[in-house]
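Some notes on the structure that comes next.
The values are calculated or read from the model by the stated rules, or taken from the named source; none is laboratory data. Treat the numbers as computed from the prediction; the structure is a model and nothing was measured. Cβ sites come from the backbone with ideal geometry, for glycine too, and all protein chains shown count toward neighbours.
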Amino acid sequence: MFMSHRAWRHAYAAACWQQAHSDSDAQPRRANSMFSWSSGPTFGVRRPLRHLAWKLNLSEAQIRDIVDVLDRLKTAYNQARLDQDRSTSEVAAAFTGAEFDADRVTAALANRTRATEVLNADLLAATRRIFELLNEDQRREFAYLLRSGAFVL
């Protein structure tokens, strides 16, 4: 039996919603732990890549290159998250002393700013590379996917 993508997403969302709200436990479950309204079921990186390849009608060479770009972006996002966590730890450490250490907090916030700048540079490189890989029709469709929220960088 074949089920369209939209019908499958609706059925999956309904099942997650029902499961999250049908239990009468004292501890309610989070309704969005397995489902995101913007991106559907959270399967990891492979599903968005398949969706993108299908929507843009990508060739095998384009898919290989976009995999490399998305892998680098994933690493950049993880590094930015790690840098932000370190910054948060440094700011929290400023509260452990008897006196407020403005220099320590300033350094921590400067590290957070640098991490954001590095992530933005990586995003610029990724978008430039994707732009080079796609033809004009694919670029138009990719822009639509970005505007609609079906694909997020």
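For the reader, a short list of remarks on this structure follows.
- Scanning region 114-143 for residues that are β-branched (Val, Ile, Thr) and either more than 20 Å from residue 80 (Cα to Cα) or exposed (fewer than 12 other Cβ atoms within 10 Å of the Cβ) (or both) yields a single hit, 130.
- Test for residue 103: is it over 28 Å from residue 142 (Cβ atoms) and more than 25 Å from the chain's Cα centre (by Cα): yes
- The residues on offer are 134, 153, 123, and the sole one that is more than 16 Å from the chain's Cα centre (by Cα) and touching a residue at least 24 places away in the same chain (Cβ under 8 Å) is 134.
- Test: residue in region 107-117 that is without any contact (Cβ under 8 Å) to a residue 12 or more places away in the chain, among the acidic types (Asp, Glu), assigned to a helix (DSSP H, G or I) and farther than 26 Å from residue 61 by Cβ: yes
- Here residue 87 passes the criteria (1) surrounded by fewer than 16 Cβ atoms within 10 Å (Cβ to Cβ); (2) part of a helix (DSSP H, G or I) except the one numbered (1).
- When restricted to residues that are of a type in the set (Phe, Trp, Tyr) and either under 24 Å from the mean Cα position of the chain (by Cα) or under 30 Å from residue 137 (Cβ atoms) (or both), region 72-100 contains 1.
- Under the condition of being farther than 12 Å from residue 141 by Cβ and not hydroxyl-bearing (Ser, Thr, Tyr), the residues counted in region 54-68 number 9.
- Set side by side, the residues 45, 69 differ, and just one is β-branched (Val, Ile, Thr), within 15 Å of the chain's Cα centre (by Cα) and modelled with pLDDT under 90, which is 45.
- Some residue of region 75-85 being farther than 30 Å from residue 50 by Cβ and among the acidic types (Asp, Glu): yes
- The listed residue being at pLDDT 95 or above and either of a type in the set (Phe, Trp, Tyr) or on the phi > 0 side of the Ramachandran plot (or both), out of 131, 142, 100, 151: 131
- Residue 13 meets the stated requirement of being farther than 23 Å from residue 139 by Cα, outside any loop (DSSP other than H, G, I, E, B), touching a Phe, Trp or Tyr at 6+ places or on another chain (Cβ under 8 Å) and modelled with pLDDT under 90.
- Of all the numbered requirements in (1) of a type in the set (D, E, K, R); (2) over 27 Å from residue 49 (Cβ atoms); (3) assigned to a helix (DSSP H, G or I), residue 72 misses one, and that requirement is (2).
- Neighbours by Cβ (under 7 Å, 6+ apart or cross-chain): first from region 84-102, under 28 Å from residue 118 (Cα atoms); second modelled with pLDDT under 90 and among the small types (Gly, Ala, Ser): 101/94
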